[in-house]
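Below is one structure, written out as structure tokens; the observations come after it.
The values are calculated or read from the model by the stated rules, or taken from the named source; none is laboratory data. All values reported here derive from a predicted model rather than from experimental measurement. Ideal geometry is used to build each Cβ from the backbone, glycine not excepted, and the neighbour counts take in all protein chains shown. These accessible areas exclude ligands, DNA and RNA; they are computed on the full protein's heavy atoms, side chains included. Shrake-Rupley method; radii C 1.70, N 1.55, O 1.52, S 1.80 Å.
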Amino acid sequence: MTGQGRLAAWGIGLAALVALPFVYRDPYHLHILVLILIWSFAYTSWSMMGRFGLVSLGHGGFMGIGAYVTALLWNHLGLSPWIGIPISMVAAGALALIVGYPCFRFRITGHYFVLVTLALSGIVLQVITATRDYTGGSLGYTPNRASGNKLLALQFDDKTTWYLIALAVWLFGIVAWHWVDRSMARYALEAISEDEDAAAAAGVNVTAEKLKITLLSALMTALAGAIYCQYQMFITPDTVSGIAVSLQMVFAAIVGGLFVSLGPTFGAIITILLAETLRIGFGTKAVGWDNLVYGVLLVLFIIFLPKGILGSLLDRLKPQRKVPRAHEQEAVQIARPGT
């Protein structure tokens, strides 16, 4: 597909998505679409790092910070989410830099980096649970309902409004993904993922490049947590933080397609529909089953479909270059006099 054709396809697709809530108003289905868009943004945020070999299990912590800091500032200090969300993003970004800098400076990579981020996610979860007097602990936390200006409190009862907000956030994530994909940082990070020493010898500031993509990923993930909190108006440590949320991000990005901008969106469709199917079909009997299914499917996809669903599909749709056979090459040589 040419550049103009791809741009036209994106334009038609976005126009259809914007028009959807005005044509189809079923509250339940709009609710599912809002969840898919919010989680798509969260998964895209994780893939910003994951596609360059920086496998983090700490993003559940960043999402939890985004959700809880925003809600706590609103309930205890009366700060509007329009102010609380940027503050929560700064808090998540600061934590990402505090943890990331020593890791990247002292070459903590591979499974050691995974373990560090795993500890980060667990610590955030434990802090939220332990400070139950403020966060509600494992019982969950509810932002106070606004009695005045709904816009100031970023609280809306209309599903259409939330759908458009989630769509805008999702689109921002796609644009950010493509911005990184077309920037020079992409080539630097790909070189780092292949060989850090060679990249450093070529003049790449390894620590700085890793910190920049980690910071961007953490900020976006915190934003996803804050938007999720404002939409659901109820959060628990298990739904927005911890290792389970981090593993869910890894699963969705890999299954959908880690190296394709819409891959995490496909992953979100799978995870949300799977969770809803289990909830409707089995009720409370299926609590935790989704994580079991995620684990099994993740192993299968890594073995048999490492590029994910969308990545593998796009590979199949690409036109295959015909490689001339040996006798065809000889015929070409004979037909060229003087060669």
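Remarks
- Residue check, VAL23 open to solvent by 30 Å² or more (accessible area, probe 1.4 Å), farther than 17 Å from PHE251 by Cβ and at pLDDT 90 or above: yes
- Here ALA71 meets the list (1) open to solvent by 20 Å² or more (accessible area, probe 1.4 Å); (2) in a helix (DSSP H, G or I); (3) in contact (Cβ under 8 Å) with a residue 40 or more places away in the chain almost entirely, failing just condition (1).
- Which numbered condition LYS212 fails, given (1) over 24 Å from GLY60 (Cβ atoms); (2) without any contact (Cβ under 8 Å) to a residue 60 or more places away in the chain: (1)
- Qualifying residue in the stretch 98-113 (condition: within 20 Å of LEU223 (Cβ to Cβ) and in contact with a helix residue (DSSP H, G or I) (Cβ under 8 Å, 6 or more places away or on another chain)): yes
- Condition met for MET63 (open to solvent by less than 40 Å² (accessible area, probe 1.4 Å), assigned to a helix (DSSP H, G or I) and of a type in the set (A, V, I, L, M)): yes
- Long-range neighbours under 7 Å by Cβ, at least six apart or interchain, first residue free of Cβ contacts under 8 Å to residues at least 60 places away in the same chain within the stretch 78-94, second open to solvent by 20 Å² or more (accessible area, probe 1.4 Å) and of a type in the set (A, V, I, L, M, F, W, C): LEU79/LEU73; ILE87/VAL69; ILE87/LEU73
- Among (1) open to solvent by 70 Å² or more (accessible area, probe 1.4 Å); (2) modelled with pLDDT under 90; (3) more than 30 Å from LEU17 (Cβ to Cβ); (4) not in a helix (DSSP H, G or I) - the single one GLY148 does not satisfy: (1)
- Qualifying residue in the stretch 131-143 (condition: open to solvent by less than 40 Å² (accessible area, probe 1.4 Å), under 24 Å from TYR43 (Cα atoms) and touching a residue at least 12 places away in the same chain (Cβ under 8 Å)): yes
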